Every structure is written in C-alpha cells, then in structure tokens.
Amino acid sequence: KLTLPGTDPAVGDLRAAVIVGERIMLIDRVDLGVITEFSAPGVDAVAVSEQWLVYRAHLHGRDVMLARSIADPRNPGEEKPIGAVPGLGQLGRPSVDGNVVVFAIAKTNVNRIVSYGLDSGKGRTVLASRNSALSNPSVRQGDEVTKLLYVRATRDRQRAYYSSGTVKSANASE
C-alpha cells in the first residue's frame, strides 16, 4: 500500500500531481520523488499529462481553470487562464490527455462540457444541455479519434456516456 502526500491526486503518463494546502506537488511515478512544487492559491482540483498540468481554483469569488506547461517539469511554465465562470456558476474537475483538456461548466440556465486545445489556445463547447447536468468528463486522445466519457444526470437517474471523435477539432489549429 502506498500513500501519496496531499489530497486530490491526479495521474497522467509518468507523473502524478497532488494538492498540498495551496500548493501543487508534481511527483515522478517511477521513483515517487518530488519533481517540483509551486504555489497555487485556491486550488481544489488537478489533472496532469506528459506536457501539461491543469488545475481549478476558486479566486476572487469565482472558479477559474488554469494550465501550466510541464514540458520542462522542474521549471513549469507560466500560469495560463483557460476558463472562468462568475457568481453562481461552477467549473468541474479537469481531465487532460496530450494537449486537450475537458471540463464541465454548470450555470443556472445551461450545463456544458468544453474542450480546450492547450497548444492552439482554442476552446469550444462539446456538449450542452438545459435539462440535464453534465459532469465528470474524461478525455483520451488517440491517433485517429479523441474519446470522451462523461456523466449526464436527470431527475430520474445518472448515466455514463461514451463518445468518440467529438473533441478532436478543439485541438486543431484552424
């Protein structure tokens, strides 16, 4: 049995990330050594891939989604804002694979799942609903098709859905 430090662990490729207070710790999955750690005020969710660390934070009364390049994991890049929602809106936990991140946005009148190409800087709505809650998206990039798994909840039930090919264009440079 292995216990990682911190809370809310995320695993991607050869790295793991955990939250320790208002800091994020990046860990090597092979030797479990700490690669780096840095301040991330308000952080409450993380996702990690080989090249990117994405995290949600609650700052100044709103949820924000931020990303840092970890191409050089010992020296993460500058914080890059990729999403925010004011007031009563909420951002869901991020999921990242390769250069694509997905997350849910819940507002009083609509719920959405969005994808954002971290290399292209372009985002788009993948799914939207006024009648169902959309949450917990998970993305997996393939050679031909990008796959998305998510939860759709109604008053009667929650169901997991799988979709392929719906996220690809968010990562393309257009």
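Kindly evaluate G142 against the criterion of being under 18 Å from the mean Cα position of the chain (by Cα), of a type outside the set (S, T, N, Q), over 27 Å from T36 (Cβ atoms) and modelled with pLDDT under 95.
Yes: the conditions hold for G142.
Of the residues Y162, Y55, which single one is hydroxyl-bearing (S, T, Y) and either touching a helix residue (DSSP H, G or I) at 6+ places or on another chain (Cβ under 7 Å) or exposed (fewer than 14 other Cβ atoms within 10 Å of the Cβ) (or both)?
Y162
I'd like to verify a number: residues in region 24-43 that are touching a residue at least 24 places away in the same chain (Cβ under 8 Å) and assigned to a strand (DSSP E or B), how many?
So the count comes out to 6.
Let me confirm something: among V46, V54, V20, V85, which residue is more than 19 Å from A128 (Cβ to Cβ) and free of Cβ contacts under 8 Å to residues at least 24 places away in the same chain?
Checking each option against the conditions leaves just V20.
Read through the list (1) surrounded by 12 or more Cβ atoms within 10 Å (Cβ to Cβ); (2) of a type in the set (G, A, S); (3) over 15 Å from the mean Cα position of the chain (by Cα), then give the number of the only condition that A16 fails.
(3)
Considering only strands (runs of 3 or more DSSP E) fully contained in region 73-145, which possess at least 1 residues that are open to solvent by 40 Å² or more (accessible area, probe 1.4 Å)?
In region 73-145, 80-85, 111-117, 122-129, 133-141 are the strands (runs of 3 or more DSSP E) which contain 1 or more residues that are open to solvent by 40 Å² or more (accessible area, probe 1.4 Å).
I'm told G6 meets every condition in (1) under 17 Å from the mean Cα position of the chain (by Cα); (2) surrounded by 13 or more Cβ atoms within 10 Å (Cβ to Cβ); (3) at pLDDT below 95 except one. Can you identify the failing condition by its number?
The number of the failed condition is (1).
So which residues in region 85-99 are closer than 17 Å to G142 by Cβ and either at pLDDT 95 or above or acidic (D, E) (or both), if there are any at all?
Within region 85-99, S95, V96, D97 qualify.
The values are calculated or read from the model by the stated rules, or taken from the named source; none is laboratory data. Note that the structure is a prediction, hence the values are computed from the model and not measured. FYI the Cβ positions are ideal-geometry reconstructions off the backbone, even for glycines, and counts take in every protein chain you see. The area values use the complete protein model at the heavy-atom level, side chains included, leaving out ligands, DNA and RNA. Shrake-Rupley method; radii C 1.70, N 1.55, O 1.52, S 1.80 Å.
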